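One structure is given here, and the rest of the page talks about it.
Here, each number is a calculation from the coordinates, and none is a lab measurement. What you are looking at is a predicted structure, and each value in this text was computed from that prediction instead of being measured. Virtual Cβ from ideal backbone geometry, glycine too; neighbours counted across all protein chains shown.
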Amino acid sequence: MHSSPPSGTASCGPLEDRPVDAPLSDELILAVAGARRRALRDGDRQIDTAHLLHSLLESDPAVRAVCGEGGQLARLLGYLVQRSIGYGLRWQGSVEDSGAVPVVRGVPGWSPPATAAMCAGAERATARDGGPARGLDVLAALAGDPDCRAVEVLGRAGIDVGDLRRRLN
């Protein structure tokens, strides 16, 4: 189900447990649902940017394609899987707040950086063509927050985040 914001512009506010009241592509709807399931399964209080990145990679072929091929993509997924089973990265059970981006507060179940990434992705889609936000829109927003967990994972997997940002813009 796609829902449209009232005035045809993206706005940030909860709708169906999403931090944006904007149309989302089918792949992004799947990614949001996957991130929610992942956070619940991991026992985390909020969907964070690493949950969102992991689900974007699983549900959106365009996101996988821009994040790398072969070994690089395998390393990236490996870090995310390690995190989800409690090994490697140290965030399980903690709340993400990078402080690097303007924060939209008050969205239950979402970390402030994940909320900001979803809002920025919706705004990017509106500026692009007014169509639904896509996974690449949210990935661009994630890559734009140098202190979020998703960027830490990308860096550990050997992905040049600066190059990724340039390719997404």
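The residue of the stretch 105-134 that is surrounded by the fewest Cβ atoms within 10 Å (Cβ to Cβ), among those that are of a type in the set (A, V, I, L, M) and not in a helix (DSSP H, G or I), is Val107.
Table: residues versus (1) over 12 Å from the mean Cα position of the chain (by Cα); (2) part of a loop (DSSP other than H, G, I, E, B).
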| position | (1), (2) |
| --- | --- |
| Val20 | yes, yes |
| Ile29 | no, no |
| Gly34 | no, no |
| Asp44 | yes, yes |
| Leu52 | no, no |
| Ser55 | no, no |
| Ala62 | yes, no |
| Ala65 | yes, no |
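For the stretch 138-169, a residue qualifies if it is of a type in the set (Asp, Glu) and out of contact with any Leu (no Cβ under 8 Å at 6 or more places or on another chain), and the qualifying residues are Asp145, Asp147, Asp160, Asp163. Would you check which residues across the stretch 135-163 are hydrophobic (A, V, I, L, M, F, W, C), surrounded by fewer than 20 Cβ atoms within 10 Å (Cβ to Cβ) and assigned to a helix (DSSP H, G or I) and list them? Listed by number, the list holds a single entry, Val161.
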